[in-house]
Every structure is written in structure tokens, then in C-alpha cells.
Amino acid sequence: MEEQSNAEYIYRGGTTTYHDIRGVRTVVVDANVTSISDEAFWNCSDLRYIKIPDTVTAIGMYVFRGCTSLTSVSLPPSLTTIGYRVFMGCTSLTSVSLPSSLTTIYGSAFENCTSLTRMTLPSSITAIHSTVFEGCTSLVSVTLAPSIPSIGTASTSSTTTLDKNPGWFNKFLVEAGFSRENPNNILIGLKTDRFSEAICMYYDLKTWAQTIGADSQLPLFTAARRSLKWYYTEQIFTANMPVVNEIDVLSGLPLSLLAAAGPASDLETVYNLLREAPEQIRLNGSQSLQNISIDSSRKRKWKKG
């Protein structure tokens with residue numbers, strides 16, 4: 001980082017950090033920089049203003065930790081990730097503008113930002129840690145707009161209970177359709193590793209469950225086709241219940257029969273899906289059973305061959 005004039009510095013990227021530099025009030029990030037390295041401005045307590053260009057897509061860990069004079073930050077529209085403890089201890093920070101490109105916020109990103117009063121999370125968020133606002137004692141409102149209309153109205157957490165209930169943000173995320181299980185793990189029948197049930201990443205399961213995947217299928221149909229256990233299938237079902245009444249376009253089967261026709265069907269999954277939409281068996285019974293019979297015949301021939 002080089003000085004330009006009147007304690008204004010140009011940051012040109014790289015791995016060099018500027019811990020505890022006094023007198024740096026303004027930093028301009030060079031237009032060629034795409035990421036700000038870990039701990040870049042840790043404890044630059046005189047830093048009041050930083051200009052970040054649109055080229056920056058990621059901000060590393062601890063970048064502005066302890067920048068106690070920083071009052072506001074406008075993050076670039078290209079930013080996708082805010083790293084661990086980026087703004088931790090920025091006690092004068094009152095305003096942060098999060099772009100609609102942002103998908104991930106890691107743990108303690110705004111921890112102990114004691115002047116922060118309100119935060120609007122963009123609908124683009126797909127993963128966020130439960131400790132993002134830990135110690136934000138002045139926080140009175142957090143809003144998260146839905147990413148797709150079917151989710152409903154925006155979820156807003158009231159501030160009157162923040163100091164009384166340590167798990168307020170966890171509850172807020174669950175009500176907004178987030179889950180502690182990573183969607184990528186759910187579809188392969190794998191539980192997500194986490195250090196603690198209360199301190200962990202949350203994932204936007206509701207939006208994911210209502211979005212067509214790479215296989216051109218909704219996740220619930222993919223889960224049924226893969227014969228996933230009910231523990232995993234239930235999470236997708238809960239996040240997108242109306243789809244249980246739809247028919248699989250590839251096989252012509254309702255979900256319960258699609259799950260039953262799998263190579264290693266989970267009886268609990270079949271039972272629960274059938275219980276939720278029993279009328280589909282009556283309406284589509286003959287064709288569905290015929291498809292299952294054909295499919296089973298093919299499996300027997302394949303095994304013999």
C-alpha cells in the first residue's frame with residue numbers, strides 16, 4: 001500500500017498486511033484488485049473511508065477488524081463473499097450496504113459492531129453463519145427479503161428480544177427457510193459436519209428446494225429417484241410441500257411411487273409421501289403400477305444378464 005496524499009493510501013492487493021498503521025484515514029483500492037487479502041487493514045484505527053471498486057468479488061478474513069473509526073462501507077455490486085470476522089470490532093460502524101450479488105457471509109462478520117442498528121440482507125444470500133451479528137448490542141432490525149415470490153413476505157426479526165434470547169438469529173434464519181444442513185450434502189444422503197448445533201452455517205434450503213437443479217428436476221424428485229432416507233427427503237419436502245402433488249415428467253409416477261420404484265427404496269419415505277398425497281394413487285394408479293411393473297421387469301432382466 002502506498003501513500004498518495006493527506007494520509008490517503010492506494011491498496012494494490014497482494015498478501016501484504018498493514019496491521020496497526022496509524023494516520024491512515026482513506027484507502028482507495030486499485031481497480032485491478034479482485035480480492036482483498038486476509039487481515040489487510042487489521043487495527044487501522046484511524047481508517048474512516050475506503051473506496052472498493054466493482055472488480056472486487058471477495059473480502060478475506062479479519063480485513064477491517066478493529067477499524068474503530070470506520071463509520072460506513074458500501075460494498076461493490078460484484079461481491080459474492082464476506083469472510084470470517086471481516087468487520088469485527090468496528091465499533092463506529094453504523095451503515096453497511098450489502099450488494100445483491102452477495103451469496104455467503106462467514107462467522108462473526110459483524111461481531112461487536114456495537115453502533116450497528118439495522119441490517120438488510122439481500123435475497124441472494126445462500127449461506128450465512130449464526131454468529132454474524134454476535135455482540136451487536138444496538139441492533140434493532142434485521143430484514144431478509146425472499147428470493148422467490150412463493151416464499152412469501154420478507155422475514156423481519158424484532159429487536160426487543162435480542163438481548164434476552166441468545167439464539168434469536170438462529171430462529172430468524174429457520175423461519176426464513178434456512179437450514180443447518182447443506183443442500184449439496186442432503187442429495188447424497190450425508191449429514192453436514194458442524195462443531196456445534198448452535199454455532200454453524202445456515203443454508204437457504206427453501207429457495208433451493210423450489211429451484212430446478214442441474215438434472216432438470218426439483219430436488220424432491222431427485223431425492224425420491226435416489227431413494228434417500230426420510231431424514232433427508234423430509235427436509236426437502238418441508239421446504240417445498242406443494243410439489244408432493246406433482247407427477248415426475250420422466251417416469252409419469254407420483255413421488256411416492258417414484259420412491260418405491262428405486263433400487264433401494266426407503267419404506268419410511270414411501271409411506272410419508274403416500275400419506276401426503278394418497279389421491280395420486282387413485283388418479284394415476286393403473287399407469288403408475290404399469291410403469292413400476294415394466295421397471296421391475298427391466299431390473300430382473302438386467303440382474304440375470
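For residues in region 201-222 being in contact with an Asp or Glu (Cβ under 9 Å, 6 or more places away or on another chain) and assigned to a loop (DSSP other than H, G, I, E, B), which is farthest from SER251 (Cα to Cα)? Top of the filtered list is LEU218.
Scan region 77-107 for residues that are at pLDDT below 95, more than 19 Å from TYR203 (Cβ to Cβ), crowded, with 18+ Cβ neighbours inside 10 Å and not hydrophobic (A, V, I, L, M, F, W, C) and the total you get is 0.
This table checks each residue for (1) hydrophobic (A, V, I, L, M, F, W, C); (2) within 18 Å of the chain's Cα centre (by Cα); (3) over 21 Å from ILE128 (Cα atoms).
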{"site": "SER196", "(1), (2), (3)": "no, yes, no"}
{"site": "ILE199", "(1), (2), (3)": "yes, yes, no"}
{"site": "TYR202", "(1), (2), (3)": "no, yes, no"}
{"site": "TRP208", "(1), (2), (3)": "yes, yes, no"}
{"site": "ILE212", "(1), (2), (3)": "yes, yes, yes"}
{"site": "THR222", "(1), (2), (3)": "no, no, yes"}
{"site": "ARG226", "(1), (2), (3)": "no, no, yes"}
{"site": "THR233", "(1), (2), (3)": "no, no, yes"}
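A Cβ distance below 9 Å, combined with a sequence gap of six or more or placement on separate chains, defines the contacts here; from region 71-82, residues that are under 12 Å from LYS51 (Cβ atoms) reach residues that are of a type in the set (Asp, Glu) in the pairs PRO76/ASP54.
Does THR91 count as part of a strand (DSSP E or B) and under 18 Å from LEU139 (Cβ atoms)?
Details: part of a strand (DSSP E or B): no; under 18 Å from LEU139 (Cβ atoms): yes.
So THR91 fails the test.
Each row is one residue, and each column tells you yes or no for (1) at pLDDT 90 or above; (2) out of contact with any helix residue (DSSP H, G or I) (no Cβ under 8 Å at 6 or more places or on another chain); (3) within 25 Å of PHE237 (Cβ to Cβ); (4) surrounded by 13 or more Cβ atoms within 10 Å (Cβ to Cβ).
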{"position": "LEU139", "(1), (2), (3), (4)": "yes, yes, no, yes"}
{"position": "PRO149", "(1), (2), (3), (4)": "no, yes, yes, no"}
{"position": "ALA154", "(1), (2), (3), (4)": "no, yes, yes, yes"}
{"position": "THR161", "(1), (2), (3), (4)": "no, no, no, no"}
{"position": "ASN165", "(1), (2), (3), (4)": "no, no, no, no"}
{"position": "LEU173", "(1), (2), (3), (4)": "yes, yes, yes, yes"}
{"position": "PRO183", "(1), (2), (3), (4)": "yes, no, yes, yes"}
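Of all residues in region 98-138, which are among the charged types (D, E, K, R) and over 14 Å from GLY83 (Cα atoms)? Once the filter is applied, which keeps residues that are among the charged types (D, E, K, R) and over 14 Å from GLY83 (Cα atoms), region 98-138 yields ARG118, GLU134.
Going by the structure shown, is THR55 closer than 20 Å to THR117 by Cβ, hydroxyl-bearing (Ser, Thr, Tyr) and part of a loop (DSSP other than H, G, I, E, B)? Before the answer, list the steps.
Values: closer than 20 Å to THR117 by Cβ: no; hydroxyl-bearing (Ser, Thr, Tyr): yes; part of a loop (DSSP other than H, G, I, E, B): yes.
For THR55, the condition - closer than 20 Å to THR117 by Cβ, hydroxyl-bearing (Ser, Thr, Tyr) and part of a loop (DSSP other than H, G, I, E, B) - is not met.
Candidates are the residues of region 72-100 that are among the aliphatic types (A, V, I, L, M) and under 17 Å from the mean Cα position of the chain (by Cα); the one that is nearest to SER130 (Cα to Cα) is ILE82.
Just one of (1) over 21 Å from LYS171 (Cα atoms); (2) part of a loop (DSSP other than H, G, I, E, B) fails for VAL96. It is (2).
Taking the options PHE178, PHE221, PHE237, name whichever one is touching a helix residue (DSSP H, G or I) at 6+ places or on another chain (Cβ under 8 Å), surrounded by 22 or more Cβ atoms within 10 Å (Cβ to Cβ), at pLDDT 90 or above and within 30 Å of TYR84 (Cα to Cα). Walk me through it before giving the result.
Working: PHE221 fails: within 30 Å of TYR84 (Cα to Cα); PHE237 fails: within 30 Å of TYR84 (Cα to Cα).
Residue meeting the stated conditions: PHE178.
Among the residues of region 1-53, those that are modelled with pLDDT under 80, buried (at least 16 other Cβ atoms within 10 Å of the Cβ) and of a type in the set (Ser, Thr, Tyr) comprise THR17, TYR18.
Residues in region 250-294 that are under 22 Å from PRO219 (Cα atoms) and modelled with pLDDT under 50 were compared, and the one that is surrounded by the most Cβ atoms within 10 Å (Cβ to Cβ) is SER288. I need the full set of residues from region 183-194 which are under 15 Å from the mean Cα position of the chain (by Cα) and in contact (Cβ under 8 Å) with a residue 24 or more places away in the chain, in order please. Across region 183-194, the qualifying residues are PRO183, ILE186.
Could you say whether any residue in region 116-133 is assigned to a loop (DSSP other than H, G, I, E, B) and charged (D, E, K, R)? First the steps, then the outcome.
First, the residues of region 116-133 that are assigned to a loop (DSSP other than H, G, I, E, B): 116-117, 122-126, 130-133.
Keeping just the survivors that are charged (D, E, K, R) gives none.
No.
The values are calculated or read from the model by the stated rules, or taken from the named source; none is laboratory data. It should be emphasised that the depicted structure is a prediction, and the values quoted were computed from it without experimental measurement. Please note: Cβ atoms are built from the backbone with ideal geometry, for glycine as well, and neighbour counts cover all protein chains shown.
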